[in-house]
């Protein structure tokens, strides 16, 4: 059974996403042509489908296809760009996994800007934060600085998320941004010898 975002999420969704139909037309494409390309795995699925059937995508939905020179070249372009971004990054998913996830539309829900580089960057930051919090060293300025840097960078990279996204549990922002800041309150504590600077 397909689930749809509840009415309470609509202000957030309409502030951050646009109708696929409207965007396609604005970009000189017919919506049905775009849907055909989605079903053919040439373009990603929408991020959300509302109860009334409206499909929502980010305003830069077509940006990667444009960068690739067209939707027919997108898969090759994406995989090559992702492979370059993932060099020496063990946290990055295999390229085929990243491509399938991109086509699912899932990255649109979590990243403010979806590119091969930001996909790899998110994986790298998540792995770094998880590594740091697994061995807390709150009295070491270097550890504190590394954690703050990684959390702040992930904060900039990620969207706030809709409440709908949290139906199956906490999202990465909850676990690795707000959750870490709550666990290590030196973010707001100026009495720790300058560690919060």
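Every number here is computed from the coordinates shown, using simple stated rules; none is lab data. In this text the structure is predicted, and so the values were computed from the model without any measurement. Here the Cβ positions follow ideal geometry from the backbone for every residue, glycine too, while neighbour counts run over all protein chains shown.
Taking the condition over 16 Å from the mean Cα position of the chain (by Cα), over 27 Å from residue 49 (Cα atoms) and surrounded by 13 or more Cβ atoms within 10 Å (Cβ to Cβ), does residue 181 pass? Yes, satisfied. Restricting the first member to the stretch 120-141 and to residues that are touching a residue at least 60 places away in the same chain (Cβ under 8 Å), and the second to residues that are in a helix (DSSP H, G or I) and surrounded by 13 or more Cβ atoms within 10 Å (Cβ to Cβ), no beta-carbon pair is closer than 9 Å while six or more apart or on different chains. The condition (being surrounded by 14 or more Cβ atoms within 10 Å (Cβ to Cβ) and either in a helix (DSSP H, G or I) or in contact with a helix residue (DSSP H, G or I) (Cβ under 7 Å, 6 or more places away or on another chain) (or both)) is satisfied by just one residue among 137, 148: 148. Restricting attention to the stretch 155-169, does a residue exist that is without any contact (Cβ under 8 Å) to a residue 40 or more places away in the chain, under 29 Å from residue 41 (Cα atoms) and in a helix (DSSP H, G or I)? The answer is yes, given that some residue of the stretch 155-169 is without any contact (Cβ under 8 Å) to a residue 40 or more places away in the chain, under 29 Å from residue 41 (Cα atoms) and in a helix (DSSP H, G or I).
Where helices (runs of 4 or more DSSP H) fall wholly inside the stretch 1-113, the ranges with 2 or more residues that are in contact with a helix residue (DSSP H, G or I) (Cβ under 9 Å, 6 or more places away or on another chain), without any contact (Cβ under 8 Å) to a residue 40 or more places away in the chain and surrounded by 13 or more Cβ atoms within 10 Å (Cβ to Cβ) are 20-26, 31-39, 63-68, 71-85, 95-104.
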